[in-house]
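As structure tokens, the structure follows; a few thoughts come after it.
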Amino acid sequence: MRTLIQRVNGASVTIDGAIKSSIGRGLLILIGIEADDGQEDIDWLVNKIAGLRIFEDQEGVMNLSVKDIEGEALVVSQFTLHARVKKGFRPSYIDAAPPAVSIPLYEQFVKNLVQELGKPVQTGEFGAMMQIALVNDGPVTIWIDTKNKQ
């Protein structure tokens, strides 16, 4: 699993001209799933994201997690995080899992994140054409790939 995590002051997902989800201060989490990802990846990633100390404390030091600040989370599926661009100019998405594999893993990731944060998590809509609006705070953007957890 790959995620691109952005610390935001706000973010929203619009589908067909209507806002589906929005959050205030917290994390926008773009997630891409590969065919060989599983529950171990979900568990590790949820724990890592919930504990990431990327919010500033009273001294201005990034020392607080989204849990510490009681922030919000917005999770959006994004298979393009697995784009291969080594050859030519058209990205290949061969590493991205097909929907039959990725949808259940995406849903389980969201469910586990809800449990870990102890509050609802907003989402996009799997497979939909979405417009994402955000105000990146910092900017702070973190890339995490479960294949690199060691």
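The numbers here are math on the coordinates, done by the rules we state, and not lab data. Worth saying up front: this structure is predicted, and the values here are computed from it rather than measured. So basically every Cβ, Gly included, is an ideal-geometry build from the backbone, and we count neighbours across all protein chains shown.
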Theoretical ellipticity at 222 nm over the chain - DSSP helices of four or more residues, -39500 (n - 2.57) apiece, nearest 500: -7000 deg cm²/dmol
Reachable lysines from Lys87, criterion Cα separation under 29 angstrom, eight or more residues apart if same chain: Lys147, Lys149
For region 2-143, share of DSSP beta bridges that run antiparallel, in % to the nearest 5: 75 percent
Pairwise centroid distance, computed over Cα atoms, of region 108-141 with region 78-100, Å: 21 Å
With Cα atoms, 0 to 90° folded angle of helix 39-51 axis to the chain main axis: 30 degrees
Percent breakdown of C-alpha pair distances by 5 Å bin, ordered from the shortest bin, for region 59-120: 4, 14, 17, 15, 13, 14, 11, 8, 4, 0
Coordinate range along principal axes, alpha carbons of the chain, Å, largest first: 47, 42, 31
Region 21-93: C-alpha gyration tensor shape, a/c 1.5 cut-off, then a/b vs b/c: prolate
Most to least packed among 127-139, 96-108 [average Cβ atoms within 10 Å]: 96-108, 127-139
